[in-house]
Structure formats: C-alpha cells, structure tokens
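Okay, so here's the structure we're looking at.
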Amino acid sequence: MNAGRRLNVSQVPKLSVVVPFYNVQTYAPDALKSLELNARDDFEFLLVDDRSTDGTPELLERAARELPGAVLLRHGRNGGLATARNTGLDAARGEYLAFLDGDDWLAPGHLARTLAIIEALNCDFVRNDHVQVTGRSRSVQRVPYGPQLVVGDPRAGIPPASRATSVDYPYAWAGMYHRRLLDRGLLHFTGGLRTAEDRPWIWRLHREARSFAAIGQPGIFYRRGVPTSLTQIKDERQLDFIKAFDQVLADTAEDHDRDLLLPKAVRTYCAIIAHHIGSIERFEPAVAKKLRSMSAAALERMPQDVLDQVLNSMDADRSGLLRRLRRRPARTGAAA
C-alpha cells in the first residue's frame, strides 16, 4: 500500500468504517486494498482484530502504518463478530458509519458514491445491493424493497409476512448509517450472539429509525463459502439463531404495531428453523439433538394464534416438518 495523508485527530471524520477481522489472512489483503481504493482525507477505517491467531495481526499492523485513516483496535480475547463491531462503533467519530467484514471487499470509490447519495437523500440510513461471490461465480443480490432512491418509512420494509422484505436482508455491511442512529442506541449489536447477530439489529433499525432508502449501488463483494465463516461452521455456535430470533419476537411483541409485525417475525423464525432442521445431518449428533429440542421449545414460546396462521400459510413440506416438531416434547431448559 502507498502511504497517504492521515486524518487529523482534531478533524471530525465524515465517515467511519468498522471492519472486524478474525483469522482471515488469506482474504484480508483484498479487504485492505479495497479500503485504500476508497480512502479519503475525511474517512477513518476502524480495523478491529478479534484476537486472530494466524497472520492477520501482522497484516493489520502494516495497514495501520500505511493505510490513510486507519485505526487499529485489538481485542484481548476473541469476542465474536457482534462484539468486534461494537468495539469499532464505540471508537467511531464519523458523521456517517458503514461496515465491512474482513473477508469481503469494496469496489473502488464505492464509499464516496454511497455517501453522496445518503447526504442527498438526507435520511437515517440507506441499503445497498451487493455482489455475492462463490468461487468464480458472481451474482447481484438486490435489497428486497421496491422503490429505489426514494425516502420512505423503515416500517414499510418489514411486512408482509408472505414475501421477502428488507428485514430479510440483514447484512450490516450493505448500507450506510447516519450518526444520529448510533447516538440513539440503534447501531450496536447484541453482545454474545455468535451467529444471526444482524437479525435483531435489522429489525430494531426498521422499527425505530425514522427514514431510509434502498439505493442499488452493488459495490460490496460478499464471499460465500469461506471456511472460517460461521455460516460454514456446524457446531453449537450456529444455535444462537434461537436467541437472536427470541429477541426479535420479544421486541416485536412490545411494539405498538405488534399485530401487523408479529406474523412476519414468526414466519421468518419458522422458516429459519425449518431450514436448519431440514438439513440437520450437517450438524454433529449432539448439536443436532439440541437443535431439535431448542427448536421445539421455540415453537412453544411463539404466540400460538400467530403460529397457527403462519403454519397454515406455508408450503406443505415446511409446514409438515414444523408441525411434527411442534408435537415433540420440549426438553426443560432447551432455550438456554
């Protein structure tokens, strides 16, 4: 990397980008190079090393010396993606905020283009399309929300239950956010969640922010199939989706629009349970047993009238799977 002008410590950055890294020495050079190609005098890059044990720390130390606007933050122990993002948010000084994961990358100039759009729209947050990268294959994934470049009510991005909506596109890195959301406590992630940390986050954002827009701009490249990604790990950490969706349901049940929003929350929860149970052979036997028990207990905790409606509206395969699971006795303490 070429050395460049650094942000003056007394200057308030226009944009802070939070980038967690954990054991991604193979992919981190692409992420860091893409930050260099997005750097501006008024941008800061908060590089969070979540106690990596490979060559990632050395790459980040070099970036801290050579990447304009880079700030290196280190964890004393591994805390997971949610904790690493929160560490970056706590240190961020920018008027706007964005995220990138350490195994993904950005198109040159993507951040400046997105910043220009959110400033012109003057809304709380914007959501980007992205490019999904699987090996050599690439495909554009769209925000499941109709209007483009039109400011709307974030609550309109939640229903209906019957189709994909903006809350089904939870990726924190697929957007940009005004600092007022951070000041209101809407950008931090639930600590301790080792997967699905973005689900309560995106639901809270759509319930409590005041304005948003989908803007296209697919300048984020998201790698699928990375061996160290939690989507590829089939141990007990995967079961944290239960805690994540329990939080979504609890928060939504207290909302003044609960009757409108709960069917979507319950249906999404059920769809995720059906996905995991439908491919349960991927899990270690002890984890698979716990998955069945915890999922049965989760179905018991859902509002039963809403659950009945959801099951009646789902396809026969998923509905049948969930009905059988619903009849399964739930182990005491299965939600723990």
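The values are calculated or read from the model by the stated rules, or taken from the named source; none is laboratory data. Treat the numbers as computed from the prediction; the structure is a model and nothing was measured. When we count neighbours, we look across all protein chains shown, and the Cβ atoms used for this are built from the backbone with ideal geometry, even at glycine. With ligands, DNA and RNA removed, areas are computed over all heavy atoms of the protein, side chains included. Shrake-Rupley method; radii C 1.70, N 1.55, O 1.52, S 1.80 Å.
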Report summary line: Karplus ³J(HN,Hα) for the stretch 169-177 (6.51 cos²θ - 1.76 cosθ + 1.60, θ = phi - 60°; Hz, whole; x = Gly/Pro) runs 10, x, 4, 4, 6, 8, x, 9, 9
Report summary line: Contour minus Cα-Cα span, Asp305 to Glu58, at 0.36 nm per residue, comes to 83.5 nm
Query raised in the report: In terms of the Cα gyration tensor, with a ≥ b ≥ c the square roots of its eigenvalues, is the stretch 1-100 rounded because a/c is under 1.5, prolate because a/b exceeds b/c, or oblate?
Result: oblate
Report summary line: Once phi for every residue in the stretch 18-30 is put through the Karplus expression 6.51 cos²θ - 1.76 cosθ + 1.60 (θ = phi - 60°), the whole-Hz ³J(HN,Hα) values, with Gly and Pro written as x, are 9, 10, x, 9, 8, 6, 10, 4, 6, 9, 4, x, 5
**Report entry** Calculated on alpha-carbon atoms, Rg and Dmax of the chain in Å
**Finding:** 20.3, 63
Report summary line: Full extension between Asp41 and Leu149 adds, at 0.36 nm per residue less the Cα distance, a length in nm of 36.2 nm
Report task. Would you kindly give the portion of the calculated P(r) for the stretch 145-300 that falls above 19 Å, as a percent of all Cα pairs? Result -> 58 percent
Report task. Can you pull the one-decimal nm distance between simple spin-label points at Arg77 and Ser139, each 7 Å off the Cα toward Cβ? Result -> 4.1 nm
**Report entry** Charge sum, other residues only, whose C-beta stays under 14 Å from Met314's C-beta, Lys/Arg counted +1 and Asp/Glu -1
**Finding:** +4
Requested in this report: Using a 1.4 angstrom probe on heavy atoms only, work out the carbon and sulfur share of the accessible area of the chain in %.
Outcome: 49 percent
Query raised in the report: Net charge near Pro159, counting Lys/Arg +1 and Asp/Glu -1 over other residues with Cβ under 11 Å of its Cβ?
Result: +2
Query - Cα pair count fraction exceeding 19 Å, expressed as % - the stretch 10-169 - result: 59 percent
Query raised in the report: Which whole-Hz couplings ³J(HN,Hα) result when phi for each residue of the stretch 119-133 is put into the Karplus expression 6.51 cos²θ - 1.76 cosθ + 1.60, θ = phi - 60°, listed in order with x for Gly and Pro?
Result: 5, 5, 7, 6, 10, 5, 7, 10, 10, 9, 5, 8, 9, 8, 10
Query - the stretch 144-186: chymotrypsin sites (Phe, Trp or Tyr not before Pro) falling in loop per DSSP and having at most 11 other Cβ within 10 Å - result: none
Report task. Take Ser319, project a point 7 Å from its Cα along the Cβ direction, then tell me which residues of the stretch 238-279 have their backbone nitrogen under 20 Å from it. Result -> 262-278
Report task. Whenever you get a sec, line up Tyr222, Tyr96 from highest to lowest accessible area (probe 1.4 Å, protein heavy atoms). Result -> Tyr222, Tyr96
**Report entry** Contour minus Cα-Cα distance for Val131 and Arg328 (0.36 nm per residue)
**Finding:** 66.9 nm
**Report entry** Spatially close lysines, pair count over the chain: Cα under 25 Å, gap of eight or more or interchain
**Finding:** 7
Report task. Can you send over the solvent-accessible area of Glu61, 1.4 Å probe, protein chains only, in Å² to the nearest 10? Result -> 70 Å²
Query raised in the report: Rounded to the nearest whole Å², what accessible area per residue is found for the chain with the 1.4 Å probe?
Result: 43 Å²
